[in-house]
Amino acid sequence: MHPYAILPYNDENLAKSLSSKISDGRILERAHYRYLKNYLGSVDGIKAKTIVIESSYISKAYITDYSNYYATCFQDYPRQCKRIHFFKEQFEESTFLKELLDRDSSYLDEHYLGYIVVKPLPDSVIGPTILSTYAEIYNEDQIRFFPGCRTYEVNLFGKVLKVKTLAYQEQDTVVSACASVAIWSAFHKTSPLFKTVLPAPGEITKLAGNLFFTYGRTYPNQGLDLTQVCRAIDAVGLVSEVRSSTKFNTEINLASRIIYAYLKAEIPVILLIKFDQRSNVGHAITVAGYSKPKPKSKPPVAEITLTADRIDKFYVHDDQLGPFSSYEFSGLTALKTFHYDNQGNKAYVSAWIHAAVIPLYPKIRIKFEDVFDTVSNFDTIFYEVNFFKFELEWDIYLQESNKYKKELLLSEIDKDLAQAKVTSIYPKYIWIAKAQVNGHSVFDLIFDSTDIPSGNYCIDLVMFDDSVMKTLLEILTKYKEIFIDDNEGPKLGEKIYNKITEELTERIDKLKTKLK
């Protein structure tokens, strides 16, 4: 068998490449093929031009599942897979070999779009898949973000190629469930992020266990419930931050706020959804990115406004469809996505969020809602005193403190202030509440993610806009009792209150001296 084959990218060659134990004709009928041909080749897709087929490949994830189940089957299932690579430049074998053997050439790396592993099974053939994301900017007003992704290094015949994405694969209905592969995708990010193990989908199913109140057996697996999902996450040394609320059915923006807040910390969020609210049958997907329009100038409103409220779609790994499938907002109660009907046409359906599960570093204890409650009180005070002439938008998200400090160094903040803040001691993860007007940062509130909800977990303020310092100090001074003592007010406490007011006073005096 020749070790590789090179084909021009088209729908027919894609179908041939994906066929294994499944015929080309059956491949054409599958939703994954229909999705991938649009994702890879359409005008709105990632525009593949060349396919390189690696005919013999050992997949770590598949070989683990193989040893757990398929190796002991009476039927003979092969151990080796195919790996299908995609490039955004058209080339033939002579060019491929020339660039492959040139140790200084970056040609293949520059045009690399990732790969799909094709498993030698009669069904569930889409194995570990690492494909480039959509372009981040796709019109003047709309921007895509993919914080749940990471950079992978792919070795193709000794040549190292890089692609930024999040691993995906189709559910193997024997050794894993949709929840197992959703967790597996999330672990591909949390494993390097939090230094935890990365089990194969079949191992995740084992970690979830067959609890006494469920039915069936570990293999073949019929699916995981919410408790089993959390158990699998906890088994690798993380904690499961769960939101299972009927509020998602009436307030979809609550779900978007929570998903965004953790996703921006580069933590993928696992969603358990239902396509029929009356059904007991659910589905698991992994959120890896989102899209939102740029902010627009608006007058102030009484209700708090968050950056997350502008998100119009999430990009998720849906094992029934493909990587980075878009889930759009449909009104105020549900998400909207699509599947393919029997004729291969897109049919749009609604999806209701049953639960959100965030795999977290154990020391992150303060929740989004804790920070939101404090920020809401700030927002109410600012609105009542008419602090801003335009709408104040809050960007609330979790972030690694060292990454936040790096952003401060790259910002236009006063150098002395930057020095003071980057040398401050913060916990590894902090919550940021960024106050913005027309996309312009005014100030950041910093929260200790390791504190307790009843504590004074707001630990710092970083001022970006000197023009509002005096007014902010006046508000803090006038409403001191609310900021410090009021149970319904911001949880500042006297220590951080004094730190903020003293810092503002010092900076105002310093600014006055400069202006003289």
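The values are calculated or read from the model by the stated rules, or taken from the named source; none is laboratory data. From a predicted model like this one, the values you see are computed outputs, not experimental measurements. With ideal geometry, Cβ positions are generated from the backbone for all residues, glycine too; neighbour counts draw on all protein chains shown. Accessible surface is based on the protein model in full, side chains and every heavy atom, while ligands, DNA and RNA are left aside. Shrake-Rupley method; radii C 1.70, N 1.55, O 1.52, S 1.80 Å.
Here is the figure for the stretch 456-492: residues that are more than 30 Å from the chain's Cα centre (by Cα) and of a type outside the set (Ser, Thr, Tyr) total 22.
Summed over the stretch 118-138, residues that are more than 19 Å from residue 41 (Cα to Cα) and more than 19 Å from the chain's Cα centre (by Cα) total 8. Of the listed requirements (1) more than 26 Å from residue 345 (Cβ to Cβ); (2) among the aliphatic types (A, V, I, L, M); (3) at pLDDT 95 or above, residue 48 misses just one: (1). In the set (1) among the charged types (D, E, K, R); (2) in contact with a helix residue (DSSP H, G or I) (Cβ under 6 Å, 6 or more places away or on another chain); (3) modelled with pLDDT of 90 or more, residue 451 fails one condition alone, (2). Filtered by the rule that a residue be within 25 Å of the chain's Cα centre (by Cα) and among the charged types (D, E, K, R), the stretch 376-408 gives 393, 395, 400, 403, 405, 406, 407.
Residue 514: touching a residue at least 60 places away in the same chain (Cβ under 8 Å) and of a type outside the set (Val, Ile, Thr), yes or no? It is false that residue 514 is touching a residue at least 60 places away in the same chain (Cβ under 8 Å) and of a type outside the set (Val, Ile, Thr).
Scanning the stretch 326-362 for residues that are under 23 Å from residue 30 (Cβ atoms), of a type in the set (A, V, I, L, M) and crowded, with 17+ Cβ neighbours inside 10 Å turns up just one, 351. A Cβ distance below 8 Å, combined with a sequence gap of six or more or placement on separate chains, defines the contacts here; from the stretch 472-489, residues that are in contact (Cβ under 8 Å) with a residue 12 or more places away in the chain reach residues that are open to solvent by 80 Å² or more (accessible area, probe 1.4 Å) in the pairs 484/494.
For the stretch 382-413, taking the residues that are touching a Pro at 6+ places or on another chain (Cβ under 8 Å) and in contact (Cβ under 8 Å) with a residue 60 or more places away in the chain, the one that is most open to solvent (accessible area, probe 1.4 Å) is identified as 389. In the stretch 314-333, of all residues being among the hydrophobic types (A, V, I, L, M, F, W, C) and more than 21 Å from residue 187 (Cα to Cα), the one that is modelled with the highest pLDDT corresponds to 329.
The residue pairs whose first member lies in the stretch 59-85 and is within 16 Å of residue 184 (Cβ to Cβ), whose second member is at pLDDT 80 or above and part of a helix (DSSP H, G or I), and whose beta carbons are closer than 6 Å, counting only pairs six or more residues apart or on different chains, are 65/202; 68/202. Assessment of the stretch 232-245 against the conditions (free of Cβ contacts under 8 Å to residues at least 12 places away in the same chain and within 17 Å of residue 198 (Cβ to Cβ)) yields at least one matching residue. Residues that are assigned to a strand (DSSP E or B), touching a His at 6+ places or on another chain (Cβ under 8 Å) and either open to solvent by 40 Å² or more (accessible area, probe 1.4 Å) or not hydrophobic (A, V, I, L, M, F, W, C) (or both) within the stretch 247-303 comprise 274, 286, listed in sequence order. For the stretch 304-325: of the residues being open to solvent by less than 40 Å² (accessible area, probe 1.4 Å) and charged (D, E, K, R), which is nearest to residue 444 (Cα to Cα)? Filtering first and then ranking leaves 313.
The strands (runs of 3 or more DSSP E) falling completely within the stretch 420-516 that include 1 or more residues that are farther than 22 Å from residue 381 by Cα map to 429-437, 440-448.
Of all the numbered requirements in (1) modelled with pLDDT of 90 or more; (2) of a type outside the set (S, T, N, Q); (3) touching a strand residue (DSSP E or B) at 6+ places or on another chain (Cβ under 7 Å), residue 491 misses one, and that requirement is (1). Just need a number here: residues in the stretch 110-157 that are β-branched (Val, Ile, Thr) and either within 22 Å of residue 261 (Cα to Cα) or loosely packed, with under 14 Cβ neighbours inside 10 Å (or both). Looking only at that region, the number is 4.
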